[in-house]
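Colleague: Once you've had a glance at the structure underneath, I'll fire off some questions.
The values are calculated or read from the model by the stated rules, or taken from the named source; none is laboratory data. Keep in mind it's a predicted model, so treat the numbers as computed, not measured. Because the Cβ atoms are built from the backbone with ideal geometry, glycine has one as well, and the counts that use them run over all protein chains shown. Note: accessible area is taken over every heavy atom of the protein model, side chains too, but ligands, DNA and RNA are not part of it. Shrake-Rupley method; radii C 1.70, N 1.55, O 1.52, S 1.80 Å.
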Amino acid sequence: MGFWEEAQALSPYLTALRREFHIHPCVSRDEFWTAQRIEEELDAIGITGHRRVDGSGVYAVFRGEQDGERVITLRADIDALHIQEVNTALPYCSRQPGAMHACGHDAHITALLGGARLLYAHRADFGGEVRLFFQHAEEIGYGGRVFVKEGLLDGSGRVFGLHMAPDLRVGTVGVKPGPNNASVDHFTISVQGKAAHVSTPHLGVDALYIASQIVVALQALITRRTSPVDPLLIGVGKLHAGTAYNIVAESAQLEGTIRAFSPETRAQARDQLDALCKETARLYGGTAEVAWEDFASPLINPPDICREVSGVVTALFGEDALVTDRALSLGGDDFAEYQARVPGVYAYIGSSNPGKPDTMRALHNDRFDLDEDCLPVAAALHAQYAADYLTGKIG
């Protein structure tokens, strides 16, 4: 099965498909056009065993024609971001106001459809089952749990996914054992005080002052309560308080996030933040409550499964293509929800080219683009890893 050569031959198809998805971005939980287009492409390939998941996700499955009971799941996230694209001169610029594929999910969809096309064409050469997750709502930490809750991962022996990486050059693939992405927790802190005229602050309880003390004190959870060699981030992005310039604020609300690379540090930081907020508010006569939303667990690649994927990468693209020391990312990805249940790896596909400046921009930038030579790399990797696992060559 010469998947790399076949993927390269598919390059015009992959480029056209990626651009179509880029032109028509759909944000989290509103990916209905995207889902329909995915289904149309699956039907064209011949993969008719598919259905919707939670309205805008797509699950598909097909079997190889040889004997075999192994099952592998391949996943792509499909949602766009609430970002206005500014590269209006691009022929494939977003046509949806306020929405943009600025995280490469258009390429993820394309790569999985390309990989599925390659695998389905060679289904006579392997046995077992291929499951395809076109997962919605990754950007809000929602869709992965839905696929898990519906039991679609049950019985799978491996799960594999990939993400575009502008920090890596096109033609390379990052496969890093251990922590790769941080957990993502969103918190809302509600502070309750007592209103009074600003000239008599002792008659009130200043919720704004309490909130300000909390913002500053939270950083001590990193610098004084956590080991300096254990990465942890606590950020507050929103603070709203008060009703007028001359009134002691009766209430305040803060929103922020915790990012950690281990479940233990994550749990510790959440507990300490909760206690700090309550005790700080009590000290100044008020109260505080913390509400949590769990967006993603830490994404940790198992070393033994990384060896499988690394071997596939070097066999396909050569030793120089493999990158094993990619820097940690404090961004999250709910692919971690699959890894918590099934052995699996998240790989990073080099998508930048110094000759194309916008491909060097960070994810979630309003000028983000990618070198489309990354598309056959990603499609071939999906297909080869799945085929090697299903034929027993690895695992």
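Colleague: What size of dipole, in debye to the nearest 20, comes out for the stretch 98-246 about its Cα centre when the only charges are +1 on Lys and Arg C-beta atoms and -1 on Asp and Glu C-beta atoms?
Modeller: Value, rounded to 20: 160 debye.
Colleague: Continuing with the same structure: Using Cα positions and a limit of under 19 Å, work out the aspartates and glutamates in reach of Lys356, with same-chain residues fewer than 8 apart set aside.
Modeller: By straight Cα distance, Lys356 reaches Glu85, Asp106, Asp167, Asp366, Asp369, Asp371, Glu372, Asp373.
Colleague: From the C-alpha gyration tensor of the stretch 127-275, pull out the three semi-axes of the equivalent ellipsoid (sqrt of 5λ each), sorted largest to smallest, in whole Å.
Modeller: Working through the eigenvalues yields semi-axes of 43, 19, 15 Å.
Colleague: Binning at 10 angstrom from zero up to the longest distance, how are the C-alpha pair distances of the stretch 106-210 distributed in percent?
Modeller: 9, 25, 27, 11, 10, 10, 5, 2, 0
Colleague: Amide H to amide H, which residues 5 or more places from Leu168 or on other chains are under 5 Å from it, using H placed in the peptide plane?
Modeller: Ser351, Ser352
Colleague: Could you tell me which residue out of Leu276, Val173, Leu328 lies farthest along the dipole of the chain toward its positive end? Charges go on the beta carbon: Lys and Arg +1, Asp and Glu -1, centred on the Cα centre.
Modeller: Leu276
Colleague: Looking at the stretch 75-147, what % of the alpha carbon pairs are farther apart than 21 Å?
Modeller: Cα-Cα pairs of the stretch 75-147 separated by over 21 Å account for 41 percent.
Colleague: Another question, if that's okay. Lys/Arg Cβ at +1, Asp/Glu Cβ at -1, dipole of the stretch 1-117 taken about the Cα centre: which of Ser11, Gly57, Ala99 is farthest positive-ward?
Modeller: Of the candidates, Ala99 comes out farthest on the positive side.
Colleague: Below 8 Å between Cα atoms, with a sequence gap of 6+, how large is the relative contact order for the chain in percent?
Modeller: It rounds to 24 percent for the chain.
Colleague: Using the Kirkwood radius over C-alpha pairs as Rh, can you work out the diffusion coefficient of the stretch 323-368 via Stokes-Einstein at 25 °C, viscosity 0.890 mPa s, in µm² per second?
Modeller: 188
Colleague: I would also like to ask the following. Sort 52-64, 225-237 for me by packing, meaning the mean count of neighbouring Cβ atoms within 10 Å per residue, highest on top.
Modeller: For the peptides 52-64, 225-237, the packing ranking is 52-64, 225-237.
Colleague: Continuing with the same structure: For the stretch 145-188, state the average projected area of the convex hull of the C-alpha atoms over all orientations, rounded to one decimal in nm².
Modeller: The directionally averaged projection comes out at 5.6 nm².
Colleague: Leaving out ligands, DNA and RNA, what percent of the accessible area of the stretch 54-102 is carbon and sulfur, probe 1.4 Å?
Modeller: Of the solvent-accessible surface of the stretch 54-102, carbon and sulfur hold 48 percent.
Colleague: Taking amide hydrogens as modeled 1.01 Å from N in the peptide plane, which residues meet the under 5 Å criterion relative to His163, leaving out close sequence neighbours?
Modeller: For His163, the qualifying residues are Ala347, Tyr348, Ile349.
Colleague: Let me check against my output: what whole-number percent is the relative contact order of the stretch 239-395, with C-alpha pairs under 8 Å and at least 6 apart? Intermediate values should be presented prior to the final figure.
Modeller: On the way: 132 pairs, mean separation 25.1, N = 157.
16 percent.
Colleague: Please report, as a whole percent, how much of the solvent-accessible surface of the stretch 237-387 comes from carbon and sulfur atoms (probe radius 1.4 Å).
Modeller: On the way: 3260 of 6480 Å².
Answer for the stretch 237-387: carbon and sulfur cover 50 percent of the accessible area.
Colleague: Calculate the all-directions average of the projected area of the stretch 249-365's alpha-carbon convex hull, and give it in nm².
Modeller: Values: hull surface 44.4 nm².
Quarter of the Cα hull surface area: 11.1 nm².
Colleague: Would you kindly derive the ³J(HN,Hα) couplings of the stretch 186-197 from the backbone phi angles with the Karplus curve 6.51 cos²θ - 1.76 cosθ + 1.60 (θ = phi - 60°), listing them in order in whole Hz, with x for Gly and Pro?
Modeller: 9, 10, 10, 9, 9, 10, 10, x, 8, 6, 7, 5
Colleague: Of Arg307, Arg18, which has the most accessible area with a 1.4 Å probe, and how do the rest follow in descending order?
Modeller: So, going from the largest accessible area down, we get Arg307, Arg18.
Colleague: For the chain, what is the accessible area per residue in Å² when the probe is 1.4 Å?
Modeller: For the chain, the per-residue accessible area is 41 Å².
Colleague: Oh, and also: With an 8 Å cut-off on Cα pairs and a minimum separation of 6 or more residues, tell me the relative contact order of the stretch 81-173 in percent.
Modeller: Computed over the stretch 81-173, the figure is 23 percent.
Colleague: List the lysines whose Cα lies under 22 Å from the Cα of Lys176, skipping any in the same chain that are fewer than 8 positions away.
Modeller: Result set, ordered by chain and number: Lys393.
Colleague: Mind ranking Ser199, Ser190 by accessible surface for me, highest first, 1.4 Å probe?
Modeller: Numbers: Ser199 85, Ser190 50 Å².
Putting Ser199, Ser190 in descending order of accessible area: Ser199, Ser190.
Colleague: List the lysines whose Cα sits under 29 Å from the Cα of Lys194, skipping any in the same chain fewer than 8 residues away.
Modeller: Filter leaves Lys238, Lys278.
Colleague: For the stretch 334-395, what number results from the quotient of the Cα radius of gyration and 2.2 N^0.38 Å?
Modeller: For the stretch 334-395, the normalised Cα radius of gyration comes out at 1.45.
Colleague: Sticking with this one: Between (i) 1.10; (ii) 0.98; (iii) 1.05, which matches Rg/Rh (Cα atoms, Kirkwood Rh) calculated for the structure shown?
Modeller: Looking at Rg/Rh (Cα atoms, Kirkwood Rh) for this model, the match is (iii).
Colleague: Ser11 to Asp125: extension gain in nm, 0.36 nm per residue of separation minus the Cα-Cα distance? It would help to have the intermediate numbers written out before the result.
Modeller: Numbers: separation 114, 0.36 × 114 = 41.04 nm, distance 2.32 nm.
Length gained between Ser11 and Asp125: 38.7 nm.
Colleague: Taking R0 as 41 Å, what's the FRET efficiency between His240 and Asp320 from their Cβ-Cβ distance, rounded to 0.05?
Modeller: 0.20
Colleague: Under 14 Å from the Cβ of Ala9, count the other residues' Cβ atoms, weight Lys and Arg +1, Asp and Glu -1, and hand me the total.
Modeller: So the surrounding residues net to -2.
Colleague: Can you give the helix-only mean residue ellipticity at 222 nm for the chain, where every DSSP H stretch with n ≥ 4 adds -39500 (n - 2.57) and the sum goes over all residues, rounded to the nearest 500 deg cm²/dmol?
Modeller: Values: 11 runs with 131 residues, N = 395.
Mean residue ellipticity, 222 nm, calculated: -10500 deg cm²/dmol.
Colleague: Using the Cα centre of the chain as the reference point, and only Cβ charges (+1 on K/R, -1 on D/E), how large is the resulting charge dipole? Debye, rounded to the nearest 20.
Modeller: 680
Colleague: State the extension gain, in nm to one decimal, for the chain segment bounded by Leu203 and Glu279, taking 0.36 nm per residue of separation less the distance between their alpha-carbons.
Modeller: Values: separation 76, 0.36 × 76 = 27.36 nm, distance 2.05 nm.
Between Leu203 and Glu279, full extension yields an extra 25.3 nm.
Colleague: Report the charge-dipole magnitude of the stretch 28-155 in Debye, nearest 20, computed about the Cα centre from +1 at each Lys and Arg Cβ and -1 at each Asp and Glu Cβ.
Modeller: It works out to roughly 40 debye.
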